[in-house]
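No lab work stands behind these numbers, since they all come straight from the coordinates. Here the structure is a predicted model, which is why all the values come from computation and not from measurement. Positions of Cβ are backbone-derived with ideal geometry, glycine not excepted, and every protein chain shown enters the neighbour counts.
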Amino acid sequence: MSQVIEVVERYILPDFPDIDLPEEDGVPLETNWHRVQINLLIDVVSYRWRDRQDFFAGGNMFIYYSLEQVRNLDYKGPDFFFVKDVDGSRDRRKWVVWEEGGRYPDVIVELLSPSTAKADLGPKKQIYERIFHTPNYFCYDPETNRLQGWRFEGWNYEPLQPDAQGRLWSDALDAWVGMWTGMYQQQHAVWLRLFDAAGNLLPTEGEAERQRAEGEAAARVAAETRAQTEAAARAAAETRAQTEAAARAAAETRAEELTARLAALEEQLCRLQGDG
């Protein structure tokens, strides 16, 4: 009688060593606009999915993805990135891929400057494409207002085609990425913003609160105006009723006067006829 013997192979995976991974390199952002723009993107994404805890949005922080990278002291990270299907309740000061279940960013945005454009469009783009396989990569140049974007298809990046407003669609963010001119954190400028599928601007929490407050104030003003209009209509109706009542009273008075005069004339006529 034959026997079936199950052979189980065991593989021992090496542990990553306990490495002190820097969280910053001491190099400041190019301009204050760059810092505010990063905060703006994080604010918009965080408010849009405020009821969810399955994503992480970060910016100006290092992403560690290999020991070779650590040995080469290559600590640079993207200006903004977004990762789906992760524990968003945990605060992070750096993104360590091997501590995140092998999760790489689903969206990366680089804000170009004269000193970073070459790297952002060259070596970094190659890393995001060939190693990260990041589904959506965007580059925005605030000097020229030029927005470029790519979608990972197959094994390569394919350029995204803009819509009529020059916006690029992000499948990962389920939103359009495009330019918007306005005020944010006391700074009026052209900003990179997100728009929903219908093209509506996705607000930050502060903008949403202002819109709600303005809407409530407008509703109060409308209610007050409506109440004043209704009060004026009631007053006009009362005035009209009083005018009509006065007119009826005057008509009744005139009728009574005419009736009295007619009775006096008839009485006078009777007297004359009696005298004749």
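For the stretch 95-109, the Karplus equation 6.51 cos²θ - 1.76 cosθ + 1.60, evaluated at θ = phi - 60°, returns couplings of 10, 10, 4, 6, 9, 10, x, x, 7, 9, x, 8, 9, 10, 10 Hz by residue, with Gly and Pro reported as x.
For helix 32-48, report the angle its Cα long axis makes with the longest principal axis of the Cα atoms of the chain; keep it between 0 and 90° and round to the nearest 10°. Approximately 70 degrees, to the nearest ten.
Per-residue Karplus couplings for the stretch 222-233, computed as 6.51 cos²θ - 1.76 cosθ + 1.60 with θ equal to phi - 60°, are listed in order as 5, 5, 5, 4, 4, 5, 5, 5, 5, 5, 5, 5 Hz, Gly and Pro entered as x.
Going by neighbour counts of Cβ atoms within 10 Å, the residues H188, H34 line up, fewest first, as H188, H34. Segment H133..K76, full-extension length gain: 18.8 nm, with 0.36 nm per residue of separation and the alpha-carbon distance subtracted. Taking R0 as 35 Å, what's the FRET efficiency between L201 and R234 from their Cβ-Cβ distance, rounded to 0.05? Using R0 = 35 Å, I get an efficiency of 0.25. As a calculated quantity, the FRET efficiency between R103 and Q165 at R0 = 25 Å, using C-beta atoms, amounts to about 0.20. Among the chymotrypsin sites (Phe, Trp or Tyr not before Pro) in the stretch 128-185, those located in a DSSP loop and surrounded by at most 12 other Cβ atoms within 10 Å of their own Cβ are W155. For the stretch 197-276 and the stretch 116-142, what is the separation of their Cα centres, given in Å? Going from one Cα centre to the other spans 72 Å. Across the chain, the mean sequence separation of Cα contacts (distance under 8 Å, 6 or more residues apart), normalised by length, yields a relative contact order of 12 percent.
Length gained on full extension, T253 to R92, computed as 0.36 nm times the residue gap minus the Cα-Cα distance: 48.8 nm.
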